[in-house]
Every structure is written in structure tokens, then in C-alpha cells.
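What follows is one structure encoded as C-alpha cells, with my remarks underneath.
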Amino acid sequence: MDKRRLCGLRGYTALTFSVLVLMFSAVQAEPIDADKEKKVQRARRTLITISTLDQMTKLPGDIGPLPSVPIPAANLQTPAKVELGKQLFFDPRLSGNDHWACATCHNPSFGYSDGLPRSLGFGDEKELGRHSPTIINIAFNSSQFWDGRAATMEEQAMGPIVAVREMNSDPQVMIKKITGIPAYNEQFKQVFGEQPSLKNIGMAIAAFERTVITGESAFDRYEKGNKKALTDQEKRGLILFVSKAACTQCHSGPNFTDSSFHNLGLPQAGPLKKDLGRYEVTKDPKDKGAFKVPGLRNIAMTAPYMHTGAFATMEEVVEFYNQGGGPGANKTPKLLKLNLTDSEKEDLVAFLKSLTGALPQIVPPQLPSRS
Ligand code: HEC
Ligand code: HEC
């Protein structure tokens, strides 16, 4: 074969190959919205001074005080329902061996998480694949779980009760057990007009969870007009959050999340070899390794961080973002190297700490006895 033809053929093959790669990556990568991207680039370069910040009536990214808690019409709150849900949340008898309660992995003493990188699973206490997220402010979530696979809190709450690796209950056996506890039976009759079922247990627990909402933080007092509520360092952190570090690309709105899913390139950690996250729900290649953007209120209480629980401190999280995220495949194009100075990193952490508000006082309830 003549040499030129061969080269041409090679060139052609190479071209086809790169077109294929391009098509493949175009399908895989998270799409970029050009208009939005321009705005973000502008925000990254905008220099905001503390005095300009103090004069803003509305903060970038719509960050500001929380609205009132959304309550679904199909599960209205009543004090009796919340009280019942609280008992169930703390009651290990919802589990197959009477040892695992929701509060085991969502413990108020650890900011309603469990302080572990990954929770220990039912029975053998082997590590689960993902970190236990807090239930603080989940009433504002658009979806539940790291991959958003449950649409509602009611649906979510039924999941762990029957999940083999979490509470491992046979629903029929568990319902019989709860129905056999007279004080529960009485409360279910009063609240729902019926006997306990997996469905109304989920409803009562969700009603309780809707009361675990953060109170006013220093940030909220600042946003509402008390310009002395934040220190200069916290204000510098807030400025970085909305400009140079561009955190509000995803952590926007009153609860500091836009409810979207992204792959930050986090390395896998824990017992799972791989975790495709949101992709398992949507089967959309752009969602490979993408996880839900968590809210950041009271974040100082809920270490360790991320779905892998890989970061023990907020400083580690900020350093991760400073590097432009992790090395993993299919990473979002939204994370860039930030070139933050050491004092800027400290400012950002100080700002994150100013998002802590008081939680309702909680005393673990007296659980109804079997007879
Ligand atoms: C063995 C530990 C364990 C137990 C027990 C447990 N959970 Fe969880 N919970 C987790 C883990 C781990 C996740 C994250 C799983 C995922 O995203 O795939 C989670 C996720 C959640 C979420 C989602 C939060 C969010 O921001 O998306 C809620 C709500 C929740 N659990 C409530 C409950 C309730 C209610 C119970 C009791 C009925 C319960 N959990 C029992 C470990 C546990
Ligand atoms: C591209 C969207 C995006 C941007 C930009 C972003 N985050 Fe995140 N953030 C996420 C997602 C998604 C997670 C959860 C990732 C996971 O676990 O896989 C997360 C997790 C976190 C966590 C841990 C929360 C927890 O409960 O474990 C903190 C803290 C955090 N981000 C702070 C920041 C800060 C500070 C910035 C700016 C420097 C920032 N984020 C920028 C999407 C983003």
C-alpha cells in the first residue's frame, strides 16, 4: 500500500477516534450553561469590600434567612403526631434486633449524624458505603439521600426500617411488635385514627423531623440588618463564598443548597469499590459519581464531611476546594483551583461557622413499655 494512503487512513482513523471521544465526553460531562458561566466568571473576579457588603440589601446567591418549613397537605403537623414521631425516631424496637434506632445513626449529640466517616451497619457493625447525613433542615430538601432517590421524607423514613444493612426489620413482625405496645397503639389511634403501619410510622417520623430546624445564626442576624452580627473575618469569608471561591454556584438559597447533584472528583473511601451516586437513580451518564449538594447550616456540628465522610474538618474541605476538587473522573467543570491564601482559607471557615443556629432542645423521650 502506498505510504500516503496509509497516512491518510491513519489520519482518518485518528479523526474518527477523536470525534468519538468528543461525543463520548460531551455525553459524559456535566453540561455548561454559557450565560451562567459568564456570570460566575464575573463573580469570581468581582472585588467586594466589607463596606460594600454592609450596604447590600440582598446577598448574591439568594443566601438569607430560612422561610417557614414547608408542610405537605397530606401530612399536617400536630403536637401529638410530632411527639409520636419523636418516640419512634428514638425507639430501637423499630429494628430487627431491638438495638438500632434512627437516632443511633442520626444522633442529636453529633448534630443528628453519627460522628463517623461511615455508619456501622445492622448486626455485624461493618461500615456502610456512605456517610450518615444529618437530618437537620432536611425539610427544605427537594429530595432525600445523597443520590436523591427518595422524593419525600415520608417515603425516606420507611426505607431504613426495612433496609437489611440499617434496621433490618421484617415489616409485618415490626408492625406486630409496635401494635402490641399499648401506649403506641393508643397514640396511633388518636393521631391517625388507625393502627400502626409502615406508612403512618413514616408520616409520624417525618413530622418529628420537620421540627429539627436551625434557629437564627449570626449570619441571619447580619443579613437582617445587624451589621455588627458578623466579625470582619466572617465578612471576608462571606465575600469569598460569593465571589472568588464561587461556592454559591451550588450552595445558594436560604439553606445553602440549590438541590442539584455534582461530581466533585472525590476519591472513593470506605468499603465500596465504586459508587456511581446519582447515576444509579437516573442512568444518565452525566450523573456518574454525582451527589446531592448538602445544605451548610450548622455544618460546624456535623463532621466528618462528604458522602464518603473522608474529611474530618472544615479546613480539609476548604483545602479540597482550594485545589479545585479531587482527581476523580467525570468531575464537574464548576470547580477550579482557587489560589486562596492561608488567611483566606481561615476566613472561609470562620464564615461557615457563623451559619450555626440553635436547635430545638431535645430530651430523648421516655419510650412506651411493652405492657
Ligand atoms: C445504621 C445507620 C442508620 C440508621 C439506623 C438510619 N439511618 Fe438514616 N441514613 C444513614 C445513611 C448511611 C444515610 C445515607 C444513605 C444514602 O444516601 O444512600 C442515611 C440517610 C438518611 C436521610 C437522608 C438525609 C438527606 O439529607 O438526604 C434521612 C432523612 C434519614 N437517613 C433518616 C433516617 C430515619 C428516619 C431512620 C429511622 C427510621 C434512619 N435514618 C435510620 C444511616 C442510618
Ligand atoms: C459544583 C457545585 C459545588 C460548589 C461550587 C461547591 N460545593 Fe460544596 N458540595 C457540593 C456537593 C455536591 C457536595 C457533596 C459532595 C459529595 O459528598 O460527594 C458538597 C459538600 C460540601 C461540604 C460538606 C457538607 C457535608 O454535610 O458533608 C461543605 C462544607 C462544602 N461543600 C462547602 C463548600 C464551600 C466552602 C465551597 C466554596 C469553596 C463549596 N462547597 C463549593 C457542591 C459544591
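Coordinate-derived values only; no laboratory data. As the structure is a prediction and not an experimental result, all values here were calculated from the model. Counting neighbours? That spans all protein chains shown, and the Cβs are built from the backbone with ideal geometry, glycine included.
Of note:
- Counting only GluC sites (Glu not before Pro) that DSSP places in a loop and that have at most 15 other Cβ atoms within 10 Å, the longest clean stretch of the chain runs over 217-371.
- Between helix 232-242 and the chain there is an angle of about 70 degrees, using the helix long axis and the longest principal axis of the Cα atoms.
- Cut-off under 5 Å, modelled amide H: who pairs with Thr214 long-range: Asn137
- Going by neighbour counts of Cβ atoms within 10 Å, the residues Ser68, Ser354 line up, fewest first, as Ser68, Ser354.
- C-alpha long axis of helix 198-209 to longest principal axis of the chain, angle in °: 70
- Karplus-derived 3J(HN,Hα), 6.51/-1.76/1.60, for each residue of the stretch 74-81, Hz, glycine and proline x: 7, 8, 5, 7, 9, x, 5, 5
- Listed values for the stretch 61-68 are Karplus-derived 3J(HN,Hα) couplings in whole Hz (6.51 cos²θ - 1.76 cosθ + 1.60, θ = phi - 60°), namely x, 6, 6, x, x, 5, x, 6, and x replaces Gly and Pro.
- Inter-label distance, nm, simple model (7 Å from Cα along the C-beta direction), Val69/Asp54: 3.7
- Translational D in µm²/s for the chain (Stokes-Einstein at 37 °C, 0.692 mPa s, Kirkwood Rh from C-alpha pairs): 144
- Less than 5 angstrom separates the built amide H of Glu127 from those of Gly121, all sequence-distant by 5 or more or on a different chain.
- P(r) for the stretch 73-209, from all Cα pairs and a bin width of 10 Å, is 12, 45, 34, 8, 0 %, short bins first.
- Among the listed pairs Lys81/Lys353; Lys228/Lys334; Lys58/Lys292; Lys199/Lys292, those with a Cα-Cα distance over 31 Å are Lys81/Lys353; Lys228/Lys334.
- Within-13-Å neighbourhood charge of Phe320 [Cβ basis; K, R +1; D, E -1]: 0
- Distant-in-sequence amide H partners of Ser113 (H built 1.01 Å from N, under 5 Å): Asn107
- CD proxy at 222 nm, helix term only [per DSSP H run n ≥ 4: -39500 (n - 2.57); per residue of the chain; nearest 500]: -11500 deg cm²/dmol
- Sites excluded, trypsin sites (Lys or Arg not before Pro) in DSSP loops with at most 10 other C-beta within 10 Å, longest stretch of the chain: 59-227
- Between helix 182-192 and the chain: long-axis angle, C-alpha atoms, 0 to 90°, nearest 10: 60
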